[in-house]
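So the structure is just underneath, and the comments pick up after that.
The values are calculated or read from the model by the stated rules, or taken from the named source; none is laboratory data. The structure presented is a predicted model; accordingly, all values stated were derived computationally and were not measured. Note: ideal-geometry Cβ built from the backbone for every residue, glycine included; neighbour counts use all protein chains shown. SASA here: full protein model, heavy atoms, side chains in, ligands and nucleic acids out. Shrake-Rupley method; radii C 1.70, N 1.55, O 1.52, S 1.80 Å.
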Amino acid sequence: MKFMVDSWVEQQSTTFTNAALTDLRIVGNPVHTVKQVCIAWTARGFLNHMRQLPRGEPVCLTVDGKQRIATSGAVVATVGIMGTSHTPRNTTLDREHCGKKVQMQLRTSTVQPLMQAYIDCESNENWTWVFEAAVELVQKEFAIDLPERVIQVQADFNDSIEAARRHVFPKSRPANDYPHMTRATHATLSKKALAGWRDRVLRVVRCARHLPTLELFSAVWCQFMSELEASGQKEVVGYLRREYIREVSVGTVSKMFKLHPSLEPKLLWADYWAGVFGTHPGSATGTQTLEAFHSFWQRRIQDQARAAPNRILEIMQGLYAGPWKVWMLEDQGLPCLLWPGHVEQVFVKGDSLRRFGQNSAQEYWDAHARGTVNFQRVEKDKEKSTFWVMRAQATEKEAAADATVSKACAEHLVRLLLTGGGDLRALLKESKVFQSTADGEKLSTTDLELLFHVHCVVVAGEFPSRYLPRCYGKSRNAARRVCTCSTFVQKANCPHVWYVAALQGDINLDTIPARAKPGRKRKSSGRTPDPKRPREVGR
């Protein structure tokens, strides 16, 4: 391997500027010892994804390692930047609460590769080397302090990646992959618990995933853990605490979040949590974007690299110059940002969202024009913020846009966002999320969903930037509206923020054209049909 690397370094161009867009260049200081092998490389087309980011833009890294590349057990690691595609794609949405999949045209999350590396195994030392190589590369080429810019590291519950993240990016939060967690939990709890408890645990995992604040997430899980222990499910509690739900100090998480001052000294935290005040909008897809990126090339190189791992650079260069050209960004190209740069027609106009119980901003606007009080506005002077509360999801009785929202309901939801500690527990009891029964206090997932799944809160003002300053405190993001709905966390876009924009007069929904439905238009025969002629049946 050392001979291969030395030969490649001798032949490669001296700088990225002199290299072609797809030329693979070795970066950093390769390691070749008996105990460790680490080689990093990239191309100018990959580096341009970092070069073209706006100044000060928060960065969400997505990292993953593909195994079985070589018979020696070596791994090809990829470090990428999360973004959103420029053009809508036909996307299948799996709506858990609706129990069905829906296809529609949306801009989707994507990962833009920054750097790759060949490491002999997935150890703490090797992943630390990979992250440090990426930091050194970005500092050398762009004078950017990557640890200051990175606010999230998306991974797949890999302990070595997490150890390296804490060492190299201590100001970031882990944002581990939700599908990985649910698959592993389902398989494990099928063995450790009764089927009823397994399903209940998975329901709580799902219901708590997008709770907007860490205080709410921690309160719900504290209650459910107590319920499990009281029911004798100590093995399940031990598994969840060991693998996913861990206790952290308020001081630890306050490095990134500004929490309510009345909190207990300890909180329950999970890396899969993706609430809007703890996650960069548009990034709540975990590592699925990188998994999709890997899938099409892994099998292509697997047979070649397993037989001859010393040809890994040659094989990867062939990919860069061939099928990976689409991932290379031109020197003046537009980067893929997590915040949308375009109006998303599906969220603004039409009725496509009805298929999974939601409505477009236009439908909310039209219902309001008919006299429906489908939102309530709550002002909080202390927070210097305004909150708009509305129904986000349809029920069996009515569509979300046609639902009336009471002032009392709106005030209660806003208080839940702004409260912590014992006061929050009291509010959750008042909401019937925590219910007293003959067997003790229980968590009601049905009533929990009525709060922040059936309803949503759009927030404008200083509260988001105070709670998560490393994301919302940046000058470009400080004035943005955010929404507590799961769609906004996953897409950085939703109908509710557009509806509020229309209510505030920032957009005119009448001037935004509706997108034509997909499919070819029917050709006209050119003949005028005769209304007196009977229609022929069966033709």
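List pairs: first residue in the stretch 46-66 and within 19 Å of TYR118 (Cβ to Cβ), second residue open to solvent by less than 10 Å² (accessible area, probe 1.4 Å) and part of a helix (DSSP H, G or I) anywhere in the structure, Cβ distance under 7 angstrom, at least six positions apart or on different chains. Once the first residue is within 19 Å of TYR118 (Cβ to Cβ) and sits in the stretch 46-66, its partners that are open to solvent by less than 10 Å² (accessible area, probe 1.4 Å) and part of a helix (DSSP H, G or I) give THR62/LEU290; VAL63/ILE161; ASP64/LEU290; ASP64/HIS294; LYS66/HIS294.
Taking the criterion of being over 29 Å from the mean Cα position of the chain (by Cα) and among the hydroxyl-bearing types (Ser, Thr, Tyr), the only residue of the stretch 371-402 that qualifies is THR372. Within the stretch 1-25, residues that are closer than 20 Å to LYS140 by Cα sit with their Cβ atoms under 7 Å from residues that are of a type in the set (S, T, N, Q) and in a helix (DSSP H, G or I), at 6+ positions apart or across chains, in these pairs: LEU24/GLN317. Among residues of the stretch 336-355 that are farther than 30 Å from LYS397 by Cβ and in contact (Cβ under 8 Å) with a residue 60 or more places away in the chain, those with a beta-carbon under 9 Å from a residue that is small (Gly, Ala, Ser) and surrounded by fewer than 18 Cβ atoms within 10 Å (Cβ to Cβ) at least six positions away or on a different chain give the pairs CYS336/SER85. Would the stretch 55-76 turn up any residue that is open to solvent by 30 Å² or more (accessible area, probe 1.4 Å), in contact with a Cys (Cβ under 9 Å, 6 or more places away or on another chain) and assigned to a strand (DSSP E or B)? No, that holds for no residue. The residues on offer are GLY318, GLY282, GLY286, GLY275, and the sole one that is open to solvent by 10 Å² or more (accessible area, probe 1.4 Å) and either outside any helix (DSSP H, G or I) or modelled with pLDDT of 75 or more (or both) is GLY318.
Listed conditions (1) open to solvent by 50 Å² or more (accessible area, probe 1.4 Å); (2) in contact with a helix residue (DSSP H, G or I) (Cβ under 8 Å, 6 or more places away or on another chain); (3) not in a loop (DSSP other than H, G, I, E, B) are all met by GLU264, apart from (3). For beta carbons closer than 9 Å, sequence separation of 6+ or different chains, a first residue in the stretch 379-404 that is without any contact (Cβ under 8 Å) to a residue 60 or more places away in the chain and open to solvent by 20 Å² or more (accessible area, probe 1.4 Å) and a second that is assigned to a strand (DSSP E or B) and basic (Lys, Arg), the qualifying pairs are GLU398/ARG391; ALA399/ARG391; ASP402/ARG391; THR404/ARG391.
When we screen VAL343, VAL373 for residues that are at pLDDT below 90, in a loop (DSSP other than H, G, I, E, B) and among the β-branched types (Val, Ile, Thr), the only hit is VAL343. Tell me yes or no: at least one residue of the stretch 409-419 is small (Gly, Ala, Ser), assigned to a helix (DSSP H, G or I) and within 23 Å of ALA208 (Cβ to Cβ). The answer is yes, given that some residue of the stretch 409-419 is small (Gly, Ala, Ser), assigned to a helix (DSSP H, G or I) and within 23 Å of ALA208 (Cβ to Cβ). Contact annotation: no residue pair with Cβ atoms under 7 Å, 6 or more positions apart or on different chains, pairs a residue in the stretch 108-123 that is over 14 Å from TRP327 (Cα atoms) and at pLDDT below 90 with a partner that is in a strand (DSSP E or B) and acidic (Asp, Glu).
Scanning the stretch 445-480 for residues that are open to solvent by 50 Å² or more (accessible area, probe 1.4 Å) and not polar (S, T, N, Q) returns LEU450, GLU462, ARG466, PRO469, LYS474, ARG476, ALA479, ARG480.
One residue stands out among those in the stretch 421-444 that are loosely packed, with under 14 Cβ neighbours inside 10 Å and of a type in the set (A, V, I, L, M): the one that is farthest from LEU214 (Cα to Cα), which is ALA438.
Within the stretch 195-217, is even one residue farther than 18 Å from LEU448 by Cβ and among the aliphatic types (A, V, I, L, M)? Among the residues of the stretch 195-217, at least one is farther than 18 Å from LEU448 by Cβ and among the aliphatic types (A, V, I, L, M), which makes the answer yes. Among residues of the stretch 138-161 being in contact with a strand residue (DSSP E or B) (Cβ under 8 Å, 6 or more places away or on another chain) and open to solvent by 10 Å² or more (accessible area, probe 1.4 Å), the one that is farthest from ALA184 (Cα to Cα) is ARG149.
Please verify whether the stretch 177-189 includes one or more residues that are of a type outside the set (Asp, Glu), open to solvent by 20 Å² or more (accessible area, probe 1.4 Å), closer than 30 Å to ILE39 by Cβ and modelled with pLDDT under 90. Taking every residue of the stretch 177-189 in turn, at least one turns out to be of a type outside the set (Asp, Glu), open to solvent by 20 Å² or more (accessible area, probe 1.4 Å), closer than 30 Å to ILE39 by Cβ and modelled with pLDDT under 90.
Say we look at the stretch 457-510 and pick out the residues that are basic (Lys, Arg) and either at positive phi or in a helix (DSSP H, G or I) (or both); which of these is nearest to the chain's Cα centre (by Cα)?
Restricting to residues being basic (Lys, Arg) and either at positive phi or in a helix (DSSP H, G or I) (or both), the top hit is LYS491.
Going through (1) assigned to a loop (DSSP other than H, G, I, E, B); (2) open to solvent by 60 Å² or more (accessible area, probe 1.4 Å) one by one, ASP6 falls short only on (1).
Which pairs turn up if I take residues in the stretch 244-257 that are free of Cβ contacts under 8 Å to residues at least 24 places away in the same chain and look for partners that are open to solvent by less than 20 Å² (accessible area, probe 1.4 Å) with beta carbon separation below 8 Å, at least 6 apart in sequence or on another chain? From residues that are free of Cβ contacts under 8 Å to residues at least 24 places away in the same chain, the pairs are GLU247/LEU267; GLU247/LEU268; GLU247/TRP269; VAL248/LEU267; VAL248/LEU268; VAL248/TRP269; SER249/LEU267; VAL250/LEU267.
Might you let me know whether the stretch 201-219 holds any residue that is farther than 28 Å from PRO261 by Cα, assigned to a helix (DSSP H, G or I), open to solvent by 50 Å² or more (accessible area, probe 1.4 Å) and at pLDDT 90 or above?
Here is the first cut: in the stretch 201-219, the ones farther than 28 Å from PRO261 by Cα are 201-203.
Still in the list and also assigned to a helix (DSSP H, G or I): 201-203.
Still in the running and open to solvent by 50 Å² or more (accessible area, probe 1.4 Å): 203.
Still in the list and also at pLDDT 90 or above: 203.
Yes, some residue in the stretch 201-219 is farther than 28 Å from PRO261 by Cα, assigned to a helix (DSSP H, G or I), open to solvent by 50 Å² or more (accessible area, probe 1.4 Å) and at pLDDT 90 or above.
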